[in-house]
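Peer 1: First the structure, then my questions, so here it is.
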Amino acid sequence: MNKGRDPFSRRDALRLGLASTLAGALAGAFGAVAHAKPKQAAETASPAKPEASGAKQPLYSISLAQWSLHKAHFGGEMTALDFPGRARNEFGIDAVEYVNAFFKDHARDEKYLGQLSARCKDHGVKSLLIMCDGEGALGDPDGQKRAQSVENHRKWLEAAKFLGCHSIRVNAQSAGSFDEQQKLAADGLRKLTELGAALDLNVIVENHGGLSSNAAWLAGVMRIVDHPHCGTLPDFGNFSISASERYDAYLGVEEMMPFAKAVSAKSYDFDDKGECIGIDFERMMRIVLKAGYHGYVGIEYEGKKAPEPEGVKLTKALLERVHAKLVGEGMTRTTRSS
């Protein structure tokens, strides 16, 4: 981050530089009206088609979450600038989901973001979303802290717009009773969503611990926010509410899917048949598709046995096998209800 410059000047420079930096990729950028039609994952360009299916229009497409390579990032083996190239060249994936922790100081660094955008263009990779952590609790009981958390996320909305993403993923931490936390989280999310809507960006919430891993609670938050640019990012594996309480993962995904604008295919270790231990991917994808979702499904490998690259490939192969089976059964794309 260029600390010597005023943040408003950086923001203005980012906006003014979009046209020349990204040309037609960001058409209609910062002038988008607050209630423009929210982008869906399926509307982003050039889906990564599961090759085994032979489907003209895939039931879903495959993207790669940067967290799948978190050990390589934290170990200094790669940077965010390397990510698009690895996604395309090593894994054959042409859509990526970033994690803000891996370019934390570059949210308003126009040069760095320009380099990242150029790497994506060079490799034919689409930027889908930025997963944002460490920016405060959007449901903080303290109104000033809640407002500060909203403001802290603003820079990631701008970075997402620069990169051509459709969303930022946020958390919904809060404190208090079940109902109190719903109202507080909805308040912070609504305010942030209004900022995102002005840029034609979505603000989406992942089940990510605490009450956010209670899908009924999170669905209730979505109903309170009641904004077309606010939605969910169902994660197949993040349903631990506490050390002693776990929400049913399949029920949770089903309850979150009506609001989903992206899906995270969390995977852990695999058995000798290439199946993910503890998560029935076929069952999960049937739930996802039954909801009428046909966008990107992001690989997020967190296993311990297989090295990260192998884990990504195992997850991709599993998603492709499931896709081929469902197409073989005659499943087709359905119209998603509003």
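Peer 1: Would you please give the residues with an amide H less than 5 Å from that of Gln173, counting only those at least 5 places away or on a separate chain, with H modeled from the backbone geometry?
Peer 2: Leu138, Gly139
Peer 1: Tell me the Kirkwood radius of the range 115-222: reciprocal of the mean inverse pair distance over distinct alpha-carbon atoms, in Å.
Peer 2: 14.2 Å
Peer 1: Round to a whole number: what % of the accessible area of the range 94-159 belongs to carbon and sulfur, probe 1.4 Å?
Peer 2: 44 percent
Peer 1: May I ask you to give the percent of accessible area on the range 197-260 that is carbon plus sulfur, with a probe radius of 1.4 Å?
Peer 2: 51 percent
Peer 1: Using only Cα atoms, what Kirkwood radius does the range 172-239 have, in angstroms?
Peer 2: Hydrodynamic radius (Kirkwood, Cα only) of the range 172-239 equals 11.9 Å.
Peer 1: With every protein chain present, what is the per residue accessible area of the range 272-338 (1.4 Å probe, Å²)?
Peer 2: For the range 272-338, the solvent-accessible area averages 51 Å² per residue.
Peer 1: Could I ask something else about it? Would you pull out the residues with amide H under 5 Å of Ile62's amide H, same chain only if 5 or more places away, H placed 1.01 Å from N?
Peer 2: Those lying under 5 Å, H to H, from Ile62 are Ala48, Val297.
Peer 1: Using a 1.4 Å probe over the heavy atoms of the protein chains, calculate the carbon and sulfur portion of the accessible area of the range 275-321 as a whole percent.
Peer 2: The value for the range 275-321 is 52 percent carbon and sulfur by accessible area.
Peer 1: First measure r as the distance between the Cβ atoms of Ala216 and Asn89, then evaluate 1/(1 + (r/R0)^6) with R0 = 45 Å and state the FRET efficiency to the nearest 0.05.
Peer 2: It comes out at approximately 0.60.
Peer 1: Mind giving me the nanometre distance, one decimal, between the label points for Lys183 and Leu81, set 7 Å out from Cα along Cα→Cβ?
Peer 2: 4.9 nm
Peer 1: Sticking with this structure for a sec: Taking the solvent-accessible surface of protein heavy atoms with a 1.4 Å probe, what is the per residue accessible area of the range 85-189 in Å²?
Peer 2: That works out to 36 Å² for each residue.
Peer 1: Same structure again: Past the 24 Å Cα-Cα mark, which pairs from Lys155/Lys191; Lys71/Lys145; Lys266/Lys290; Lys273/Lys304; Lys71/Lys155; Lys145/Lys183?
Peer 2: Cα-Cα > 24 Å for Lys71/Lys145; Lys71/Lys155; rest within.
Peer 1: Can you list, bin by bin at 10 Å, the percent of alpha carbon pairs in the range 214-338, starting at 0?
Peer 2: Reading the bins upward from 0: 13, 41, 34, 12, 1.
The values are calculated or read from the model by the stated rules, or taken from the named source; none is laboratory data. If you're wondering where the values come from, they're calculated on a predicted model, not measured in any experiment. Note that we place each Cβ from the backbone using ideal geometry, even for glycine, and neighbour counts take in every protein chain shown. These accessible areas exclude ligands, DNA and RNA; they are computed on the full protein's heavy atoms, side chains included. Shrake-Rupley method; radii C 1.70, N 1.55, O 1.52, S 1.80 Å.
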